[in-house]
Amino acid sequence: MTAVLDTLRASDPSGQIDHVLGLPDHLRDALWRVESTAIAPFSSTGLVVAGMGGSAIGADLAAVAFGARLTAPLVVARGYELPAWLRPERAVLCSSYSGDTEETLACYEATEALGPRRVVATAGGRLADLARRDGVPVIGLPAGFQPRAAVGYMFVAAAEVAALAGVADPIRTEIDSSAAHLEGMREALLDRAAGIAAQLADVIPIVYGADLTAPVAYRWKCQVNENAKLPAFSHSLPEADHNEIAGWDGGAGRRMAAVFLADRDQHPRVRRRLELTAEAVAEHATAVVHLETEGESRTERLLWAVLLGDLVSLYLAARRGVDPGPVAAIERLKDELGSP
């Protein structure tokens, strides 16, 4: 395993591989950080998480980890505005790793007039300053990560705040067991990711999920974009069978590969759709990858699939000899948005 890690680190001067493999420790540390914030449980009719990019995906993952155990909505607001239906009895978690995400700052400021209970998760920046000024609880996150590498912290923050807001019962035990599960699977995940990256080399991947794995598919897509600096796409079933499947017949699939993320909790008809869709796509795709999540609880299987996808993206970056850390295109756009 040391040789494998040395290979990955050779094109990874910012140490993204260590951040990715640190997910178990991040989960445990995040639980401690939420507990240390000493937020008292409160009642609400649902939780809205305002965030973008790597700061938002944690809430998407938390929602599917709860699954049918949610007793009130847990939704993500991406953008400059909160949902028009937001009422004071809802709770809002403003999630921005940097604390300077302009869309999330706009949502935070909008909540003051709307009046819902607010919580903030951030490593600092203007968001932390505003929250402390307003007496809003701040779940402090450690600095030094790319926002996407803080997914464990953002996942735990969303799950724990949802439990505090009465949206679902806590899943702290599942999160803790997931950390141990991932540690035990570390070597197997590295090997599995290397094999998948070999199948996805030099093609554009499209990642398909359903139910538990739908936001995981989106996470895979984003990690390939940001770490490997490659185009990638995602979709969910059964919706993809009502539109995207027709596109594979066009022939462009010879430059594309498909990844199907299965999970035992998926509806039997959806699992059958995964099989049939994979068969239909195989005729046109460069490669078709089938994966079944591993773990006992929904949370274990979810985070197993997240870590596997993160590792695949780092292997793809290493194969191309690109540094997975910097995201120059995103920074350029931010600079241009800040220009007069």
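Classify segment 197-304 from the C-alpha gyration tensor, please: rounded if a/c falls under 1.5, else prolate or oblate depending on whether a/b exceeds b/c.
Numbers: a/c = 1.91, a/b = 1.21, b/c = 1.58.
Oblate is the answer for segment 197-304, as a/c is 1.5 or above yet b/c matches or exceeds a/b.
Between ARG320 and ALA3, with labels modelled 7 Å along Cα→Cβ, what's the label distance in nm to one decimal, could you check?
2.7
7 Å from Cα along Cα→Cβ at both ALA68 and ALA106: what's the point-to-point distance in nm?
3.9
If you count, for each residue, the other Cβ atoms within 10 Å and average over each peptide, how do 142-152, 175-185 line up from highest to lowest?
Numbers: 142-152: 21.0, 175-185: 18.6.
Top to bottom by mean Cβ count within 10 Å: 142-152, 175-185.
Of the accessible area of segment 241-340, with the probe set at 1.4 angstrom, what percent is carbon plus sulfur?
On the way: 2630 of 5070 Å².
Using a 1.4 Å probe with all protein chains present, segment 241-340 comes out at 52 percent carbon and sulfur.
Using a Förster distance of 45 Å, how high is the FRET efficiency between GLN199 and GLU35, based on the Cβ-Cβ distance and rounded to 0.05?
For R0 = 45 Å, the calculated efficiency reads 0.60.
Could you compute the FRET efficiency for ASP191 and ARG272, with r as their C-beta to C-beta distance and R0 at 35 Å, rounded to 0.05? Walk me through the numbers on the way to the answer.
Values: r = 29 Å, r/R0 = 0.84.
FRET efficiency, ASP191 to ARG272: 0.75.
With every protein chain present, what accessible area does LYS229 have (1.4 Å probe, heavy atoms only), rounded to the nearest 10 Å²?
Ignoring ligands and nucleic acids, LYS229 comes out at about 70 Å².
Hey, could you grab the Kirkwood Rh for segment 149-234? Inverse mean 1/r over distinct alpha carbon pairs, Å, one decimal.
Numbers: mean 1/r = 0.0666 Å⁻¹.
It is 15.0 Å.
What percentage of the solvent-accessible surface of segment 7-154, computed with a 1.4 Å probe over protein heavy atoms, is contributed by carbon and sulfur atoms?
52
ALA282 to LEU333: extension gain in nm, 0.36 nm per residue of separation minus the Cα-Cα distance?
14.7 nm is the gain from fully extending ALA282 to LEU333.
The values are calculated or read from the model by the stated rules, or taken from the named source; none is laboratory data. Predicted model only: the values in this text are computed from it and were never measured. Note that each Cβ is placed from the backbone with ideal geometry, even for glycine, and that neighbours are counted across all protein chains shown. With ligands, DNA and RNA removed, areas are computed over all heavy atoms of the protein, side chains included. Shrake-Rupley method; radii C 1.70, N 1.55, O 1.52, S 1.80 Å.
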